[in-house]
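Student: So that we are looking at the same thing, I have put the structure below in structure tokens.
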Amino acid sequence: MLLNGVIDPRTVEKFKQEAKDKGRDSWWLAYVMDVSDEEKSKGKTVEVGRAQFDTATKKYTIFDAPGHKNYVPNMIMGAALADVAGLVISARKGEFEAGFEKDGQTREHAQLAKSLGVQKLLVIVNKMDDCKWSKNRFQEIKAGLTPFLNATGYADKDILWVPIAGLPGHNIKDALPKGVGSWYKGKTLMEILDGIELEKRFPDGPLRIPILDKMKDPALVCHGKVENGSIRLGDKLTVAPSGVPAQVLSLLDGRGEEVEYAGPGENVQIKINVADDEQIQRGFVLCPRDNMMPVTDVFEAEIDILELLEYKPIVTKGYTCIMHIHTFADEVVIKDIVRSYEKNDRGEVTEKHKPQFARSQTKIIARVAPKTPIALEKFETIQ
């Protein structure tokens, strides 16, 4: 955003001085997205930061999600709004290894991004200046991470790689300067982003906007991403699962500018007229009145069990956990395990019908029940 001129020089100087006053001179770049006092004092992202920038061909909204394990729920909220995940890796010796070890956040974030439906993964290898733009270091990271990403479900065609140096701004917007990383002949970060082709969207389909947040102003304002369909000023809506009717009073785009229309993929703020705003919560979905999203209190799910807690090492009937679907998060219970698929050391898969339990690294088909009814599309509808 600095290179695109979104942030003016005066603001940059303010960030630099603020970081210097805290004795953290090199942290000033993080202040672009980390705006709260807690984030600035800890030097880590806590909430999901949001910002926008444009290139010659596209408009972008960035969601800066927390990397620390204590804030994974916030990271999930950010991933729920994303079309492309940017996995930032440090090229500094020891830092990549720490993030990629068994309990490292690199592994968990890649798995979460895939499980939340983010189909494209851009691996951004940062701090290349720290290793003097070593080709061997870049290839070492790529070779170490690729098999894991493949096992997570990302095919090679869906993984994009780019080396950068964030502090000097190398290979972000402009090509590398002469004498720096001469071995790299690929595109810049911005060029790669502009070249990514996303899945087909359906502006004429039924409107679906999972609500990420809400506030009073003085009417109710909901923030979310148009996942399907389109929304216009004056539209009459229904909120699922509560069924409460609403009407669009105003629309703001990601930059806070008033618009009359928003299509699929756009992040919007919607001011609505509604009789009871307590019937609208995070995770509820804005829909057309004549095509409300189905509501259910039990459903069948295919679940990849990546890793279980030490004190709950197996999944059985009655197992409870927190489920995240789009922006919804709540406790659910496993009612039954219908089938399980477990792979042995030779890669052979064993299928079991109605197993008593399932362990880590197992795929299961299970009947799942949330504490309260939720809005959920039928599987055949989204094929």
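The values are calculated or read from the model by the stated rules, or taken from the named source; none is laboratory data. Everything numeric in this text was worked out from a predicted model, so none of it was measured. Positions of Cβ are generated from backbone atoms using ideal geometry, with glycine treated the same way; all protein chains shown enter the neighbour counts.
Student: Find all pairs meeting these conditions: Cβ atoms under 9 angstrom apart; at least six residues apart or on different chains; first residue within the stretch 84-103 and of a type in the set (S, T, N, Q); second residue assigned to a loop (DSSP other than H, G, I, E, B).
Tutor: Listed by first residue and then by second, the contacts come to 90/127.
Student: Would you check if there is a residue in the stretch 204-215 being in a helix (DSSP H, G or I) and not assigned by TED's automatic domain parsing to the domain that holds residue 83?
Tutor: no
Student: Of all residues in the stretch 206-230, which are over 18 Å from residue 275 (Cα atoms) and among the hydrophobic types (A, V, I, L, M, F, W, C)?
Tutor: Scanning the stretch 206-230 gives 207, 209, 212, 226.
Student: Give me a count of the residues in the stretch 270-296 that are among the small types (Gly, Ala, Ser) and under 14 Å from residue 227 (Cα atoms).
Tutor: Adding up the residues that qualify gives 1.
Student: Consider the stretch 315-339. How many of its residues are surrounded by 14 or more Cβ atoms within 10 Å (Cβ to Cβ), outside any strand (DSSP E or B) and not polar (S, T, N, Q)?
Tutor: Of the residues in that region, 3 qualify.
Student: Among (1) modelled with pLDDT of 85 or more; (2) under 21 Å from residue 322 (Cβ atoms); (3) in contact with a strand residue (DSSP E or B) (Cβ under 8 Å, 6 or more places away or on another chain), there is one condition residue 142 misses while meeting the rest; what is its number?
Tutor: It fails just one condition, (2).
Student: Can you tell me which residue among 158, 130 is surrounded by fewer than 18 Cβ atoms within 10 Å (Cβ to Cβ), within 21 Å of residue 80 (Cβ to Cβ), free of Cβ contacts under 8 Å to residues at least 60 places away in the same chain and not aromatic (Phe, Trp, Tyr)?
Tutor: 158
Student: If you don't mind, there's one more thing I want to ask. Filter the stretch 231-242 for residues that are touching a residue at least 24 places away in the same chain (Cβ under 8 Å), assigned to a loop (DSSP other than H, G, I, E, B) and either closer than 22 Å to residue 82 by Cβ or touching a strand residue (DSSP E or B) at 6+ places or on another chain (Cβ under 8 Å) (or both) and give the result.
Tutor: If the condition is that a residue be touching a residue at least 24 places away in the same chain (Cβ under 8 Å), assigned to a loop (DSSP other than H, G, I, E, B) and either closer than 22 Å to residue 82 by Cβ or touching a strand residue (DSSP E or B) at 6+ places or on another chain (Cβ under 8 Å) (or both), then 233, 235, 241 are the ones that fit.
Student: Looking at the stretch 268-289, I want the residues that are farther than 23 Å from residue 82 by Cα and have a partner that is at pLDDT below 90 and not hydroxyl-bearing (Ser, Thr, Tyr) with Cβ atoms under 8 Å, at least 6 apart or on another chain. Which pairs are those?
Tutor: Every condition considered, the pairs that remain are 272/219; 273/219; 277/216.
Student: Tally up the residues in the stretch 49-82 that are modelled with pLDDT of 65 or more and either more than 24 Å from residue 141 (Cβ to Cβ) or among the polar types (S, T, N, Q) (or both), please.
Tutor: Count: 19.
Student: Turning to a different aspect of this structure: Considering only the stretch 252-313, give the strands (runs of 3 or more DSSP E) lying wholly within it that have at least 3 residues that are over 30 Å from residue 53 (Cβ atoms).
Tutor: Of the strands (runs of 3 or more DSSP E) lying wholly inside the stretch 252-313, those with at least 3 residues that are over 30 Å from residue 53 (Cβ atoms) span 299-305.
Student: Given (1) closer than 18 Å to residue 329 by Cβ; (2) modelled with pLDDT under 95; (3) surrounded by 13 or more Cβ atoms within 10 Å (Cβ to Cβ); (4) aliphatic (A, V, I, L, M), where does residue 309 come up short, assuming only one miss?
Tutor: (3) is the only condition that residue 309 fails.
Student: Another question about this same structure. Against the definition (more than 12 Å from residue 89 (Cα to Cα), in contact (Cβ under 8 Å) with a residue 12 or more places away in the chain and not assigned by TED's automatic domain parsing to the domain that holds residue 303), how does residue 163 come out, yes or no?
Tutor: Spelling it out, it is not the case that residue 163 is more than 12 Å from residue 89 (Cα to Cα), in contact (Cβ under 8 Å) with a residue 12 or more places away in the chain and not assigned by TED's automatic domain parsing to the domain that holds residue 303.
Student: List every residue pair whose Cβ atoms sit under 6 Å apart, with the two residues 6 or more apart in sequence or on different chains, where the first one lies in the stretch 175-194 and is under 11 Å from residue 164 (Cα atoms) and the second, anywhere, is among the β-branched types (Val, Ile, Thr) and outside any loop (DSSP other than H, G, I, E, B).
Tutor: 189/162
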